[in-house]
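Here's the structure, in structure tokens; my notes come after.
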Amino acid sequence: MRMSSRGQVDPFIVMDVMEAARRAEAAGQRIIHMEVGQPGTPAPALARAALARAMERDALGYTVALGLPELRA
């Protein structure tokens with residue numbers, strides 16, 4: 001089984017990728033932009049309901065900067 005290396009990407013590296021793409025385009029290369037995206041649909045209803053319940057029940061607080069370890073694993 002091949003393990004994903006996505007978790008090894010530094011945060012905000014997308015800005016570096018976008019700048020490299022901009023330079024390549026300025027040099028005349030054709031770039032298909034896949035470095036950033038915007039969801040086209042709302043979050044699922046069950047996820048929104050669970051979030052609403054959690055927000056009413058728990059303190060918000062901050063998470064670990066790189067994300068919750070349980071979710072990253």
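Read-outs: derived from the displayed coordinates by stated rules, not from any lab. Note that the structure is a prediction, hence the values are computed from the model and not measured. Using ideal geometry, Cβ is built from the backbone for each residue, glycine included, and neighbour counts are taken over all protein chains shown.
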Among GluC sites (Glu not before Pro) in the range 33-73, those in a DSSP loop whose Cβ has at most 16 other Cβ atoms within 10 Å are Glu35
Per the rule of 0.36 nm per residue minus the C-alpha distance, extending Ser5 to Ala43 adds in nm 11.1 nm
Full extension between Ile32 and Met15 adds, at 0.36 nm per residue less the Cα distance, a length in nm of 4.5 nm
Ignoring trypsin sites (Lys or Arg not before Pro) buried by more than 16 other Cβ within 10 Å or outside DSSP loops, the longest site-free run in the chain is 31-73
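Restricting everything to alpha-carbon atoms, can you work out Rg to Rh for the chain with a Kirkwood hydrodynamic radius? Don't jump to the answer; show the numbers that get you there.
Working: Rg = 17.9 Å, Rh = 16.3 Å.
With Rg and the Kirkwood Rh in hand, the quotient comes to 1.10.
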